[in-house]
Amino acid sequence: MKNSIDKGNHMGELVVKSNDLINASYNLGVVEQRLLLLCIIAARKKDRVLSPSDIFYIHASEYIEQFDVDRSVAYRALAEGIKGIYDSEIKLTSKNSRKKINIRWCWKAEYDEDHATVGVAFTDDVIPLISALEQRFTSYDIDQIAKLTSKYAIRLYELVIAWRSINKTPVFELEDFRNIFELKEKYKVFSNLRVRMIEPSLSEINEKTDLKVLLTG
């Protein structure tokens, strides 16, 4: 895939992730990914080293403003999304060995219905992947993915934007690509993967973000 970036004025907050996290394998829905990105932004605003005891709270109004959804949708999203984050895991693979590591996003997830807030306390393993990053990290404006409605489009955007400096992504082996998106039994044949997942995601990215991505080959 090749990409080009039409840079506009900065509008929102920067999401920053380790490239190891960008390339990790996990399966989160749109709501879960959106909530996590808001929590990562909140974590970046701490002017000190993060601790697992830090809880980052997101109010429904923040979700409504950032992603332009109805209030009823936002309240339901918070309740469902926070559970999805708590139940989800990340699979990391060492580049220099066959070692595989499974970690959790958070060790505590709160939902306060009375105050319309959710809270996340990241695990020891995740904190270094979202904070104090000096090298091998990717950043982007959260406004760029705010209108994306496909969970695959959000993750594909992150994969592509990680390579914006050279304007071209590496060639992914099919199984590696499928593992990143946790596709499991879905789209085993490349033609199905291309038509059902890759092309619709790229179409949405090209229409709604600052990237213009061409699928080659």
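The values are calculated or read from the model by the stated rules, or taken from the named source; none is laboratory data. Since we're looking at a predicted model, the values are computed, not measured. We place every Cβ from the backbone using ideal geometry, glycine too, and count neighbours over all the protein chains shown. Keep in mind that these areas ignore ligands, DNA and RNA; they rest on the heavy atoms of the full protein, side chains included. Shrake-Rupley method; radii C 1.70, N 1.55, O 1.52, S 1.80 Å.
Annotations for the structure displayed:
- Answer residue from the range 1-48, given it is touching a helix residue (DSSP H, G or I) at 6+ places or on another chain (Cβ under 6 Å) and among the polar types (S, T, N, Q) and is modelled with the lowest pLDDT among those: Asn3
- Selection status of Ser165, among the polar types (S, T, N, Q), more than 27 Å from Phe56 (Cβ to Cβ) and touching a Phe, Trp or Tyr at 6+ places or on another chain (Cβ under 8 Å): no
- Residues in the range 29-45 that are over 16 Å from Ala146 (Cβ atoms) and in contact (Cβ under 8 Å) with a residue 60 or more places away in the chain: Ala43, Arg44.
- Summed over the range 164-194, the residues that are among the acidic types (Asp, Glu), open to solvent by 60 Å² or more (accessible area, probe 1.4 Å), closer than 23 Å to Thr138 by Cα and assigned to a loop (DSSP other than H, G, I, E, B) give a count of 1.
- Unmet requirement for Ile101, which otherwise passes all of (1) touching a helix residue (DSSP H, G or I) at 6+ places or on another chain (Cβ under 8 Å); (2) among the aliphatic types (A, V, I, L, M); (3) at pLDDT below 95: (1)
- Of note, Glu204 does not satisfy the criterion of being closer than 14 Å to Lys151 by Cα, assigned to a loop (DSSP other than H, G, I, E, B) and open to solvent by less than 90 Å² (accessible area, probe 1.4 Å).
- Of the strands (runs of 3 or more DSSP E) lying entirely inside the range 60-154, not one carries at least 1 residues that are at positive phi and surrounded by 15 or more Cβ atoms within 10 Å (Cβ to Cβ).
- Flag if Lys46 is surrounded by fewer than 15 Cβ atoms within 10 Å (Cβ to Cβ), over 26 Å from Thr209 (Cα atoms) and either under 19 Å from the mean Cα position of the chain (by Cα) or of a type in the set (Gly, Ala, Ser) (or both): no
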